[in-house]
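Asks: Questions regarding the structure given below will be posed in turn.
Every read-out reported here was derived from the displayed coordinates using simple, explicitly stated rules and does not represent laboratory data. Here the structure is a predicted model, which means the values were calculated and not measured. Cβ coordinates were reconstructed from backbone atoms using ideal geometry, including for glycine residues, and neighbour counts include every protein chain displayed.
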């Protein structure tokens with residue numbers, strides 16, 4: 001399956017696309033960093049982000065989108081912008097009719113490094129190794145987005161199907 | 001000018017449309033509350049909110065959109081959803097090519113009641129009086145959205161023109 005991962009941010013938003021199946025190494029398709037100018041007003045920035053993410057989804061045609069879940073414990077100065085960017089990323093996937101799954105940073109770290117406490121350097125090392133790249137993806141925002149996509153390939157497909165089944169049961173019987 | 005105000009929320013999002021000119025009483029055009037089901041997944045909720053706001057903008061054809069600015073000091077349990085909803089609201093205005101202005105809760109309270117510390121009840125009383133309604137708008141989320149729209153009519157038009165002029169100067173000369 002092909003998955004597009006998004007590490008949401010208003011100034012720099014990482015996007016990584018990989019292809020693979022659970023339990024096997026994934027293949028890199030592409031990575032990007034969408035930037036918006038902090039000097040621009042919020043509507044301009046959100047519009048640019050929305051268009052860039054919508055274009056990347058259309059270009060890479062993933063089967064699913066994985067977005068990092070944002071917590072209010074994050075950097076307070078930037079958390080509102082990050083939350084807004086994550087909303088735009090989730091919406092871009094949903095508008096394309098794709099399943100969108102969110103993951104906590106610890107879930108992604110555990111999936112990719114085996115430890116929910118891994119640091120940024122360790123994540124970059126593992127992403128580089130898992131995708132068999134000649135050198136680390138730059139900038140690091142892209143590595144986080146690729147890690148999200150790998151995490152979804154390895155965990156998410158299954159979880160989404162489970163979630164969908166649970167949802168059907170909850171809503172009153174299989175459909 | 002006709003302004004659409006948005007009091008962002010993921011479970012209940014208030015929308016109020018008024019028409020008026022600075023310094024004169026505004027006229028009510030319409031108000032709505034867009035609801036999403038907390039039992040639904042985030043992508044479904046954001047998609048529903050996006051469609052509802054986009055439809056309301058298309059239906060009421062405002063000249064500007066005013067959205068309440070969200071702070072991380074808000075209720076921590078709901079702040080991330082509120083921030084994502086505010087991002088969707090700002091985007092809905094920007095995608096329609098409209099100027100979008102954000103206001104802090106104190107700015108709105110000061111514009112409508114004369115005090116930045118006004119409580120919810122006082123805001124509802126003033127919105128009902130200013131729009132010469134027979135009874136208070138229900139639910140209260142709608143009153144906050146109407147207050148945002150009134151605030152923009154009275155303050156925002158001017159501020160937007162000033163901001164646009166400043167922007168032109170900053171970018172190097174009048175265009």
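Asks: Sort A:80, B:1 by Cβ crowding within 10 Å, fewest neighbours at the top.
Replies: Details: A:80 26, B:1 16.
If I rank by nearby Cβ atoms, fewest first, I get B:1, A:80.
Asks: How crowded by other chains is A:36-42, given as the mean number of beta carbons from other chains within 10 Å of each beta carbon?
Replies: Values: counts 0, 0, 0, 3, 1, 8, 10.
Partner Cβ neighbours, averaged per residue: 3.
Asks: So what does the Cα-only Debye profile of the protein assembly as shown read at q = 0.11 Å⁻¹, as log10 I(q)/I(0), no solvent term?
Replies: -0.76
Asks: How would you order A:55-64, A:141-150, B:58-67, B:12-21 from highest to lowest mean count of nearby Cβ atoms within 10 Å? Each step should come with its number before you reach the end.
Replies: Values: A:55-64: 16.2, A:141-150: 28.9, B:58-67: 19.6, B:12-21: 22.6.
Packing proxy ranking, top to bottom: A:141-150, B:12-21, B:58-67, A:55-64.
Asks: Given only helices, namely DSSP H runs of n ≥ 4 each adding -39500 (n - 2.57), what is the per-residue ellipticity at 222 nm of the protein assembly as shown, to the nearest 500 deg cm²/dmol?
Replies: Details: 12 runs with 164 residues, N = 350.
Result for the protein assembly as shown: -15000 deg cm²/dmol, rounded to the nearest 500.
Asks: Taking every residue in A:96-108, how many Cβ atoms of other protein chains lie within 10 Å of its Cβ, on average? If you can, show how the numbers build up before the last one.
Replies: Working: counts 0, 1, 1, 2, 6, 3, 3, 0, 0, 0, 0, 0, 0.
Per residue, the number of nearby Cβ atoms from other chains is 1 on average.
Asks: Okay, next question. Pull out a ≥ b ≥ c, the square roots of the eigenvalues of the alpha-carbon gyration tensor of the range B:46-109, then state rounded if a/c is under 1.5, prolate if not and a/b is larger than b/c, and oblate in the remaining case.
Replies: On the way: a/c = 2.67, a/b = 1.42, b/c = 1.88.
Oblate, because a/c is 1.5 or more while a/b does not exceed b/c.
Asks: Another question, if that's okay. Evaluate E = 1/(1 + (r/R0)^6) for residue A:59 and residue B:55, where r is the Cβ-Cβ distance and R0 equals 25 Å; express this FRET efficiency to the nearest 0.05.
Replies: On the way: r = 28 Å, r/R0 = 1.12.
That gives a FRET efficiency of 0.35.
Asks: Counting only other chains, and only Cβ atoms inside 10 Å, what mean value do you get across the residues of A:45-55? Don't jump to the answer; show the numbers that get you there.
Replies: Details: counts 3, 11, 7, 1, 2, 6, 1, 0, 0, 0, 0.
The mean count of partner-chain Cβ atoms within 10 Å per residue comes to 3.
Asks: Just need log10 I(q)/I(0) for the range B:6-54 at q = 0.17, 0.19, 0.30 Å⁻¹, Debye formula, equal scatterers on the alpha-carbon atoms, no solvent, rounded to two decimals.
Replies: Each listed q maps to, in turn, -0.56, -0.64, -1.09.
Asks: Using the C-alpha atoms of chain A, what convex hull volume per residue, in cubic angstrom, is computed?
Replies: Working: hull volume 21.8 nm³, N = 175.
For chain A, the hull spanned by Cα atoms encloses 125 Å³ per residue.
Asks: Right, something else. Could you work out how far the C-alpha centroid of the range A:96-112 sits from that of the range B:112-144, in angstrom?
Replies: Using only Cα atoms to place each centre, the spacing works out to 42 Å.
Asks: In nm, what is the difference between 0.36 nm times the number of residues separating residue B:27 and residue B:117 and their Cα-Cα distance?
Replies: Working: separation 90, 0.36 × 90 = 32.40 nm, distance 2.49 nm.
Fully extending the segment from residue B:27 to residue B:117 adds 29.9 nm.
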